[in-house]
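Quick notes on the structure that follows.
The values are calculated or read from the model by the stated rules, or taken from the named source; none is laboratory data. From a predicted model like this one, the values you see are computed outputs, not experimental measurements. Glycine gets a Cβ as well: all are built from the backbone with ideal geometry, and neighbour counts include every protein chain shown.
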Amino acid sequence: MNLHDMTAWSERNRDWLSARLGYWRERLRALADDDAHDDACGLPPDDTGDGFRPAAHRLAAAFRLSAFETELLVLAAGVEIDAALGDAVARAQGDAAQRAAGVRFALALELLPHAHWDAISPLAPLRAWSLIDVDTSAGHARAALRIDERVLHAITGVEAFDERLAGIARALDVAPDIACPGIADVIAGALATQPETLIVLADARLDAERVRAGRWLAACALRRAGLRALWLDVAALAGDAREAAGIARRLAREARLSQAGVVVALDGDASAHDATVTRFAATLNAPTIVLGAPSTRTLAESDRPVLRFAVPRMRAVARGDLPVHVLTATRRALHQFHVDPALLDQALRTAAHLGDNDEDGAERTLWHALREAARGGLDALAERIDSGTSLDDLVVPGFVAAQLREIAAHLRHRQTVYDDWGFGRGQSRGLGIAALFAGESGTGKTMAAEAIANAARLDLYRIDLSGVVSKYIGETEKNLARLFDAAEASGAILLFDEADAMFGKRSDVKDSHDRYANIEVAYLLQRIESYRGLAILTTNMRSALDRAFLRRLRFIVQFPFPDARSREQIWQRQIPRDAPSGRIDFAALARLQLTGGSIRSVALHAAFRAADAGRAIDHALLVEAAQIEHAKLERAMSTTHNGSPQ
């Protein structure tokens, strides 16, 4: 239903409800006057002949209400929103001073047609679905009936969400013009023919990529079934059984009021909590999709029929209203980044607004939006490095530059090789890229990682080893699992500085600590091999790395100590164009045995000295800074009589 149709329906629903409440005002007036012709005009007609269905009738169909129960809801709503009707009801009940008491059941039995006593029994829809609140303290006949606030909004046609579900569930729509996987139609058909069917989307290895693909598939299937999606926060189910039952009732009611299905994502660690969540999902009286791998035994405890589906990888998306270049860019971006459906749709709309005249701008906007959306929780687990370094900024030998450009090429063309050409079919390991950057400190290893990340337009995260490795047995693997799962979604490049501290040689087993340390190394090797992105490891001591790990590397790049010609180029690039500079003998400075990192440190030190002295950066200041750097490195630096390096 588009915005115009929704507005038109809302206006007609308001008119219908106003006429209905007006009729009951007159009926109550006639009863008060003892008018024998009080019902001569009759109820306003329901059938308008054009297919219009007021909200009250939609509620009746959704909750299978009788005509009496439906009219009782209308009357209870009228007491809340129509002051005149509320006063008339209070007078008819003989408690004009207690209008807030609501509608008494005795009045409803006398006033409304087709009355039946079991309408407010605990198992009848009005109470079973908490459509009304019933106060029976004064007896069954004088029970006071009040309509629930969420149901009041529904019957008046007001868009709403049960505030008691805030923090427990949230609504999410998928744009109808986004093409979904073919399996979504099968799931939608099952939900349409048997709404009580429990749909389970599971996979042998439900990693971060599959979780997002599963959420996308669930949203698509519900959309195809004409339903919205309600995402359940399973952490909210940590309370007792009574509280969980209340949540289940409100959630199922919200699903019917908003025409939605419920999606429940398991934690995936086969914990007791997962079993509790699965039982909760199995008891929901609403279309339900479980994302995860619940145990067969837990599902067997439910009487609901169960259908299982494997979760495909989310490879591509298509919208008929988008330009071809945006669709092409989307497929490429989704191969790299895994994002939630709502964020993807938002990015698509932004890119589409740029129009056909700015193809590059649309592609950059889409890539940037999905790159940011996919970061998820990785920022909390590692340090993101922002740098403008390019491959052309590196001063390295030609063979090193060629290797770095080849790594960037592998990143750019993975989709073509693995998907389009079929090299990745049937493979789950070895599709990522693992590279080792070896060389002395300051030879450009981290800078090279920054340049590759910028060339591939990907985030670069430096892994803090102290935050990953734990002295407690088993905690290191958990930390690494969280890290790699978050990285899988973001498509980021991982940089493990001083990798020999983590990926060192496995020791002989002498005690339990040695055994668990070796298990940690083995786990690292397995995750590195299965990681679909680029993992870069840097080391100053290549010989210290485990040989089993070296066999799993696709690239090993050795960064040599820069020669004199390279050092001269590095010196020349250290003085920015905007910085004041005097006479500098770069050839003389190049004779100093310093790495690029040390040269950068010398240049910065000289720049601050120049700023403090109010002078330009010249050769003398650079030599003085170089002497400080050599002292820091505990090396001797000989100079000529004029202060130049010798």
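Take the conditions loosely packed, with under 15 Cβ neighbours inside 10 Å and out of contact with any His (no Cβ under 7 Å at 6 or more places or on another chain) and apply them to residue 612. Does it pass? Step through it out loud before you land on a result.
Numbers: loosely packed, with under 15 Cβ neighbours inside 10 Å: yes; out of contact with any His (no Cβ under 7 Å at 6 or more places or on another chain): yes.
The answer is yes for residue 612.
Taking the criterion of being surrounded by fewer than 22 Cβ atoms within 10 Å (Cβ to Cβ), in contact (Cβ under 8 Å) with a residue 40 or more places away in the chain and of a type in the set (Val, Ile, Thr), would at least one residue in region 77-97 satisfy it?
yes
Only one residue in 245, 286, 282, 265 is at pLDDT 75 or above, over 30 Å from residue 372 (Cα atoms) and crowded, with 20+ Cβ neighbours inside 10 Å, so which one is that?
282
Does region 553-565 include one or more residues that are in a loop (DSSP other than H, G, I, E, B) and modelled with pLDDT under 90?
yes
Suppose we filter 145, 123, 191 for residues that are in a strand (DSSP E or B) and of a type outside the set (Lys, Arg); which single one remains?
From the options 145, 123, 191, the qualifying one is 145.
Quick one: in region 578-609, of everything that is within 30 Å of residue 439 (Cα to Cα) and either at pLDDT below 90 or charged (D, E, K, R) (or both), which residue is surrounded by the fewest Cβ atoms within 10 Å (Cβ to Cβ)? Break it down stepwise before answering.
Here is the first cut: in region 578-609, the residues within 30 Å of residue 439 (Cα to Cα) are 584-608.
With either at pLDDT below 90 or charged (D, E, K, R) (or both) added as a condition, the list becomes 585, 591, 600.
On the way: 585: 16, 591: 14, 600: 17.
Only one residue fits best here, namely 591.
Given the criterion surrounded by 14 or more Cβ atoms within 10 Å (Cβ to Cβ), out of contact with any strand residue (DSSP E or B) (no Cβ under 9 Å at 6 or more places or on another chain), of a type outside the set (D, E, K, R) and modelled with pLDDT of 90 or more, identify the matching residue among 131, 145, 126, 107.
After applying the criteria, what remains is 107.
Does residue 546 qualify as being of a type outside the set (A, V, I, L, M), at pLDDT 90 or above, surrounded by 13 or more Cβ atoms within 10 Å (Cβ to Cβ) and in contact with a strand residue (DSSP E or B) (Cβ under 9 Å, 6 or more places away or on another chain)?
The answer is no for residue 546.
Here is a list: 319, 332, 315. Which entry is within 16 Å of residue 414 (Cα to Cα), touching a helix residue (DSSP H, G or I) at 6+ places or on another chain (Cβ under 8 Å) and at pLDDT below 75?
Residue meeting the stated conditions: 315.
Please go through (1) modelled with pLDDT under 85; (2) surrounded by fewer than 23 Cβ atoms within 10 Å (Cβ to Cβ) for residue 185 and return the number of the only condition it doesn't satisfy.
Single failed check for residue 185: (1).
Counting only residues that are within 16 Å of residue 495 (Cβ to Cβ), in a helix (DSSP H, G or I) and either in the same structural domain as residue 573 (by TED's automatic domain parsing) or under 29 Å from the mean Cα position of the chain (by Cα) (or both), how many does region 373-406 have?
Selection size over region 373-406: 2.
Would you say residue 294 is out of contact with any Pro (no Cβ under 6 Å at 6 or more places or on another chain), outside any helix (DSSP H, G or I) and at pLDDT below 85?
Yes.
Determine whether region 575-597 contains at least one residue that is touching a Ser or Thr at 6+ places or on another chain (Cβ under 6 Å), part of a helix (DSSP H, G or I) and not assigned by TED's automatic domain parsing to the domain that holds residue 440.
Yes, that holds for at least one residue.
Out of the residues in region 628-639 that are on the phi < 0 side of the Ramachandran plot and over 50 Å from the mean Cα position of the chain (by Cα), state the one that is surrounded by the most Cβ atoms within 10 Å (Cβ to Cβ). Please lay out each step first, then the result.
Residues of region 628-639 on the phi < 0 side of the Ramachandran plot: 628-633, 635-639.
Filter again for over 50 Å from the mean Cα position of the chain (by Cα), leaving 631, 635-639.
Numbers: 631: 11, 635: 12, 636: 8, 637: 17, 638: 7, 639: 14.
For region 628-639, the residue satisfying everything is 637.
Considering only residues of region 615-627 that are small (Gly, Ala, Ser) and surrounded by fewer than 23 Cβ atoms within 10 Å (Cβ to Cβ), which is farthest from residue 637 (Cα to Cα)?
Ranking the candidates gives 616 first.
With respect to residue 102, determine if the residue is at pLDDT below 90 and crowded, with 22+ Cβ neighbours inside 10 Å.
Yes; evaluated as a whole, the condition is true for this residue.
Which of the residues spanning region 449-478 are surrounded by fewer than 21 Cβ atoms within 10 Å (Cβ to Cβ), part of a helix (DSSP H, G or I), modelled with pLDDT of 80 or more and out of contact with any strand residue (DSSP E or B) (no Cβ under 9 Å at 6 or more places or on another chain)?
If the condition is that a residue be surrounded by fewer than 21 Cβ atoms within 10 Å (Cβ to Cβ), part of a helix (DSSP H, G or I), modelled with pLDDT of 80 or more and out of contact with any strand residue (DSSP E or B) (no Cβ under 9 Å at 6 or more places or on another chain), then 455 is the only one that fits.
Residues being in a loop (DSSP other than H, G, I, E, B) and among the aliphatic types (A, V, I, L, M): count how many of those fall in region 126-142.
Total satisfying the criteria: 3.
For residues that are assigned to a helix (DSSP H, G or I) and out of contact with any helix residue (DSSP H, G or I) (no Cβ under 7 Å at 6 or more places or on another chain), scanning just region 152-165, find the one that is nearest to residue 86 (Cα to Cα).
Top of the filtered list is 153.
Only one of (1) part of a helix (DSSP H, G or I); (2) at pLDDT below 90; (3) small (Gly, Ala, Ser) is not met by residue 636, so which one is it?
Of everything listed in (1) part of a helix (DSSP H, G or I); (2) at pLDDT below 90; (3) small (Gly, Ala, Ser), residue 636 misses just condition (1).
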